[in-house]
Amino acid sequence: MPNVLVLPGDGIGKEITPEAVKVLEAVLKGRSTSLNFQYGLIGGAAIDEAGKALPDETLAAAQAADAILLGSVGGPKWDTLPAPQRPELGGLLAIRKALSLYANIRPVKMLPMLVESSTLRAEVVENVDLVVLRELTGGLYFGEKGRGTNPKSAFDTLIYTEEEIQRIVEMGFQMAAKRRGKLCSVDKANVLESSRFWREITVEIAKRYPEVELTHMYVDNAAMQLVRWPAQFDVIVTENMFGDILTDLASMLMGSIGMISSASLNGNKGLYEPAHGSAPDIAGKNLANPLATILSGALMLRYSFGLEEEAQRIERAVERVLQAGYRTPDLAKSGEKVLGTREMGNAVVEALK
Ligand code: NAD
Ligand code: IPM
Ligand code: MN
């Protein structure tokens, strides 16, 4: 029986992960595969209970697990710690790096019944179906390549190796080839050396994928185009920090940040988490939208366990609940039925039946 390590983390992470587990258990009930869920500490919760954001025990369990489901980390309580010890760097970035989870897939698909929930006009967001493929273990985020603070200055370095670029861009081409055949590589090649290097490598790889139409776009333009005409995109491939920023923006194309799921992959090892954070402003109030985490569970079935049919059953169940007019507060408009975090999880379980 495959082992799934559940790392709830902090804030709403503790509320949304149980809903995803509930849905995964329900969809696999009576099927030939069932999952064995184990639990571990990460982030602020781990700092408080075990003295560091990624305890050795958690890392060992993650290495041994077949897949990982993560909630979110961080919160005001730990914001004053030195950066390397914080839940974000010491916990989340550390586990991504330790497991070499270099490929982060963030699907952005507007569900028709949520068109009115977006802050953007219906004609802009309807038909949006794109994927952002974010490089996850390189670039500015990773301090071993040089970061520091002096009394009068501070610095981070943005380095990408050829191998790091090749493997993520290659994956971008493969994804695009299986979808609508369009890959947009987002960079800042008009300014950054690392982006010019990225572009050179991308152009080289493109020669092996004549069926994929490759375009390049500067990141500032990409941010604008994502709200101007998002339906122009199929697959976007980009470096770590650009991908971080663009995916929070892109989440609103689906109506809420509470809808954006993600898979962080390295070969067959996968960590699944919503792209949003621990939402300290609503934590502990049963207000968080658990759907991004539930949909991340579907991505786990798809990418780690090859259970495409079950993954789709979860996705269809989510759509049925939304179609019936149920919404968490982040998505709700007047006239819709507002559910709490737990009740939304229960509704998805019901809709699976
Ligand atoms: P955030 O994503 O936590 O919250 C931004 C806004 O979106 C808040 O108003 C929040 O209430 C709302 N929101 C987020 N998820 C929601 C959900 N599921 N349902 C309804 N509303 C939701 O970003 P932030 O406020 O910038 O960061 C808060 C903390 O989370 C920080 O410590 C940050 O470092 C951390 N963080 C962690 C992750 C992660 O673990 N992957 C990601 C982003 C931020
Ligand atoms: C995300 C988060 C993380 C990131 C933070 C918490 C380190 O914002 O997963 O998008 O920037 O990668
Ligand atoms: Mn982010």
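What follows is calculated from the coordinates using simple rules that are stated; it is not laboratory data. None of the values given here were measured: they were computed from a predicted structure. Cβ: placed from backbone, ideal geometry, glycine included. Neighbour counts: every protein chain shown.
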#### Entry: Likely footprinting exposure, S194, S32, S278, fewest C-beta neighbours within 10 Å first
S32, S194, S278
### Task
Please find, in a Gaussian network model of the chain (springs between Cα atoms separated by less than 10 Å), the residue of V191, V131, V27 whose mean-square fluctuation is greatest.
V191
### Label-point separation in nm, D79 to T157, each point 7 Å along Cα→Cβ
3.1
### Message
For D187, what residues show an amide H to amide H distance below 5 Å, using hydrogens built from the backbone and excluding near sequence neighbours?
### Response
M217, Y218, V219
### Query
Between N150 and R31, what FRET efficiency comes out of the Förster formula 1/(1 + (r/R0)^6) with R0 = 51 Å and r the beta carbon distance, rounded to 0.05?
0.30
#### Entry: Cα-based radius of gyration of the range 118-175 once divided by 2.2 N^0.38 Å, which approximates compact folds
1.73
### Query
How large is ³J(HN,Hα), in whole Hz, for each residue of the range 43-50 in order, when computed from phi with the Karplus curve 6.51 cos²θ - 1.76 cosθ + 1.60 and θ = phi - 60°, using x for Gly and Pro?
x, x, 4, 6, 4, 5, 9, 10
### Task
Using amide H atoms built 1.01 Å from N in the peptide plane, name the residues 5+ places from V108, or on other chains, whose amide H lies under 5 Å from its own.
L130, V131, V132
### Query
What number, rounded to the nearest 500 deg cm²/dmol, is the helix-based mean residue ellipticity at 222 nm of the chain, given -39500 (n - 2.57) per DSSP H run of at least four residues and division by all its residues?
-11500 deg cm²/dmol
### Task
Would you work out which of P82, G11, G181 lies farthest towards the positive end of the dipole of the chain, given +1 charges on the beta-carbon of Lys and Arg and -1 on that of Asp and Glu, about the Cα centre?
G181
### Summary
If amide H atoms are modeled at 1.01 Å from N in the peptide plane, then the residues at a separation of 5 or more from V6, or on another chain, having amide H under 5 Å from its own are Q38, Y39, G40, L69
### Summary
Given pairs K97/K353; K178/K337; K77/K337; K77/K97; K14/K178; K14/K333 and cut-off 30 Å on Cα-Cα distance, the over-length ones are K97/K353; K178/K337; K77/K337; K14/K178
### Phi to ³J(HN,Hα) by Karplus 6.51 cos²θ - 1.76 cosθ + 1.60 over the range 53-66, Hz, x for Gly, Pro
5, 10, x, 3, 4, 5, 5, 4, 5, 5, 5, 7, 6, 7
### Query
Could you name the aspartates and glutamates in cross-link range of K52, using Cα to Cα under 15 Å and dropping any fewer than eight places away on the same chain?
D10, D79, E88
### Query
How far apart, in nm, are two points set 7 Å out from the Cα along the Cα-to-Cβ line at M241 and at K353?
5.1
### Rounded FRET efficiency, nearest 0.05, which uses the C-beta distance separating L192 from K52 and R0 of 30 Å
0.35
### Query
With Rg and the Kirkwood Rh both taken from Cα atoms, where does Rg over Rh land for the chain?
0.95
### Task
Subtract the Cα-Cα distance of L59 and S334 from 0.36 nm times their separation in residues, and report this length gain in nm to one decimal.
94.5 nm
### Task
Rounded to the nearest 0.05, what FRET efficiency do N221 and E200 give with R0 = 25 Å and r taken as the Cβ-Cβ distance? Could you check?
0.80
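Expressed in nm to one decimal, what extension gain is obtained for the pair Q38 and Q174 from 0.36 nm per residue of sequence separation less their Cα-Cα distance? Display every interim value, and only then the final one.
Working: separation 136, 0.36 × 136 = 48.96 nm, distance 3.29 nm.
Contour length minus Cα-Cα distance gives 45.7 nm.
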### Task
May I ask you to compute the full-extension gain from E309 to E343, defined as 0.36 nm times their residue separation minus their alpha-carbon distance, rounded to one decimal in nm?
9.8 nm
### Query
In sequence order, what are the phi-derived ³J(HN,Hα) couplings for the range 241-248 according to the Karplus relation 6.51 cos²θ - 1.76 cosθ + 1.60 with θ = phi - 60°, rounded to whole Hz, with x for glycine and proline?
6, 4, x, 4, 5, 5, 7, 5
### Task
Give the peptides 315-325, 14-24 in descending order of average Cβ contacts within 10 Å, highest first.
14-24, 315-325
